[in-house]
Structures are given as C-alpha cells and as structure tokens.
Amino acid sequence: MFAKGQTVISYMEQLAPKYLAVPDDRIGLQLGSLQKEIKNILIALDVNDEVVEEAIRVKADLIIAHHAIIFRPLKALNTDQPAGRLYEKLIKNDIAVYISHTNLDTAEDGMNDWMAEALGIQSEGSLEDVHTEQLFKLVVFVPKTHHQKVLDAVLGAGAGHIGNYSHCSFNIDGYGTFVPGEGTQPFLGEPGKMERSEEVRIETIVPQGVRNKVVQAMLKAHPYEEVAYDLYHVDLQGRTFGLGRVGKLKEARTLREFANDVKNGLNVEHVRVVGDLNRTIKKAAVLGGSGSRYVNKSLFKGADVLVTGDIDYHTAQDALMAGIAIIDPGHNAEKIMKSKTAEWMRKRLEEGRYSTEVHVSQVNTEPFQFL
C-alpha cells in the first residue's frame, strides 16, 4: 500500500509544522497535486533542472525540497524561459513540489539542530525566537468504564506536558445527563429517555503542535456516539522555537581546528574564515543559510564563533572589530537536510506500513566553483 500525498505531508508537518515558518516565507505545496498515491519521494535541497531529471529517473511523484521554486507571484508562465521550462517539465511528469524552509530551520530536531549536532555544539537555545507555542485546555466527559482508556489515549498522543512534567491531568467524578434522539444508537440509555450516567471529567493541557492528533485519539478511544468536549485557548506560554543554535563545544578547539570540524561535519571542501586561526573556541553558534544579521546576536549570546553562510565583506570587517570569529561554509551546507529528512520520512512510512520509497537527491546544487 502506498501513502497518499496528504499523508506524506502530514508526516512532514509533524517534523516541521507550517506555523514555525517566519512570516511570508514561501513554504508548502508550490506545484502539482497531493491528491494521488505517492510511490516515490525525492528529498532535495534545491529544485533545478538536474534535480527534476533525477526525479524523473527515480519515478518520483513528489519532491520535498528546502528552497522554494516560486519566490514571487507569477505574472506569466512562459515556457521559453528557464523557470517556465522547469515548471512545465514538472507538470508534464506529474511531479508535485513541496517546500519546507524556515519551518524546518526552526523545528526541534530540524535543520539547525542537525547542524549543531554535526559540529559538536551542545545547544543551549536559539539565536532568535520565532514562535511561542500556543497551549489549549482539553476538557472531555467520559463514562467511568472508559476513563482510563480515553486518558491513556490523549496523554499518549502528546497532551499533558507542563514544563519538565508529562502525563499531567485532573480528573473529577460526576454525573452526565442526556436524552438520545430518534435514530441514535447510544452507548448508554435508550432513545427518548433521560439517561443519568456516572462520568469522569478529564482536564489536560494540549500543545498547539499536537492538537489535532490529541483530539483524534480522544474521539477514537471514546465510546459515545456524540462526544461532549471543550477545547479552548489558555493564556499560558508553551515551548519557544527559534532560528539558529548556540552552545558550548564538547571540547575547546582552535579556530583552525574548528574550521576543519565544520568542513568534515557539513561535508564541504572549503570554508571562509574570519578571525585569528589560533584563538581558542569554546562556544559556537550556527545558523543554516544566510546569517549575516546574526553576528551581533551570536556575540550577545557569548559565542566565540558563528558558523553561517553568505557573509559579506562589511559584515566580516564588523565581526573582526567586535571580536567574534566567523566560519562561512556556504549556503549549500544546508544539504545536511537531505539525508536527515529522508531518515525521518522513512521511519514514519515504515510505522504506517506504507511501501512508498524515499530517495535522497545525489545532485550537487552548489552554484559556486572554487579555483
């Protein structure tokens, strides 16, 4: 059995929920349809002509990429132009394209955590907060016979986390009353007669990211034909998600040694380095993509070095004067997402017992050559 398109994307959005993206980021389905079976998925950093040819070779129905193929609203689709030809080839071969960008950067166990792990950075937090998770209160009334089953279902789906405590809930005994209407098939009582049932009121906290999952688990476990429950927003802060990561290294390194660690950890042949190569590095920051505007934030967080791409000349000069080193492995260092995303997706598909195959793009989309 092959997974439907919407099922694949629901897995992807468990890893990188859309609400974690920065405002106006171009994410989500950008081309094609998800209303089909997905036999093969290709995970890529960028979508260019070579990647599309690769997708055709592996018979991909869907490309999941990090960088958008449509950045601005299209005024025309001219197939005489490079972008138009690319879109035309994708459409003719029925290949959908889904983008997970800053939401994947921000996500817990996403891009920036992968990069930090690869560099031996023991993350203490992000460089810039992007999103604070909303919390909801779930209240559901359950017959005593099914109290534990429903409670286990909602807590198992991710409800009940308060700080470092899990499985938090409050349970109150009481009585529920109802009159089943004509045509109903009630779990308790008879149509047209008042029923008075011993019930338990379950209350628990539900984080925004698992809200739908918790509700579905509750409805599946609950025996009633019509479930009485409330789900409302509470004025409490959940987890905070952000861009970049900062933390101490597992062991102190010289800038030269750490630059080599970056090359090996991120699988890049060359890096640009700003700073004294013999200085000691104890704490580092990392941010995938373009991180010029995060130099001061990294300095404020106590980092000795910032690892990020697309550093310009004047930013490098400012960093030298400020006393923070920079290692620039290039924007393409984000290619670490290909194997990591594929690993995540394979596990979810295996758990769902789907036969859908996941392929990692082998195309090198680095546009620069170093002579």
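Quick note: the coordinates plus some simple rules give every number you see, no bench work behind them. Computed from a predicted model, the values in this text were never measured in an experiment. Backbone-built Cβ (ideal geometry, glycine too); neighbour counts: all protein chains shown.
Order by neighbour count: Phe178, Phe141, Phe370, fewest other Cβ atoms within 10 Å first, most last. Working shown, then result.
On the way: Phe178 17, Phe141 20, Phe370 7.
Fewest to most other Cβ atoms nearby, the residues stand as Phe370, Phe178, Phe141.
Looking at segment 1-88, what % of the alpha carbon pairs are farther apart than 23 Å? Before the final figure, lay out each step's value.
Working: 1021 of 3828 pairs.
Percent of Cα pairs beyond 23 Å in segment 1-88: 27.
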task: Would you please give the FRET efficiency between Glu351 and Ser169, computed as 1/(1 + (r/R0)^6) with r the Cβ-Cβ distance and R0 = 30 Å, to the nearest 0.05?
output: 0.70
field: Contact order normalised by residue count of segment 1-140, Cα under 8 Å, 6+ apart, percent
entry: 31
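Please tell me the relative contact order of the chain in percent, rounded to the nearest whole number, where contacts are Cα pairs under 8 Å and at least six residues apart. Walk me through the numbers on the way to the answer.
On the way: 757 pairs, mean separation 77.1, N = 371.
Worked out over the chain, it gives 21 percent.
On a 31 Å Cα-Cα criterion, which of the cross-link pairs Lys36/Lys263; Lys4/Lys340; Lys250/Lys347 come out too long? Write out the running numbers ahead of the final one.
Values: Lys36/Lys263 40 Å; Lys4/Lys340 22 Å; Lys250/Lys347 29 Å.
Over 31 Å apart, Cα to Cα: Lys36/Lys263.
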query: How many angstrom separate the Cα center of segment 32-53 from the Cα center of segment 297-312?
result: 34
- prompt: Under a plain spin-label model, where a point goes 7 Å from the Cα along Cα-to-Cβ, how far apart in nm are Thr145 and Asp25?
  reply: 4.8
message: How compact is segment 130-241 by the rule of thumb for globular proteins, expressed as Cα Rg over 2.2 N^0.38 Å?
response: 1.17
- line: Simple spin-label estimate for Leu34/Met321, 7 Å along Cα→Cβ, in nm, reads 4.8
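Which of the peptides 242-252, 48-58 is most tightly packed, and how do the rest follow, going by the mean number of other Cβ atoms within 10 Å of each residue?
Result, highest mean Cβ count within 10 Å first: 242-252, 48-58.
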message: Just to confirm my numbers, what's the Cα centroid distance between segment 112-148 and segment 159-188 in Å?
response: 24
- request: Report the Stokes-Einstein translational diffusion coefficient (µm² s⁻¹, integer) for segment 278-371, Rh taken as the Kirkwood radius over Cα pairs, at 10 °C with viscosity 1.306 mPa s.
  value: 101
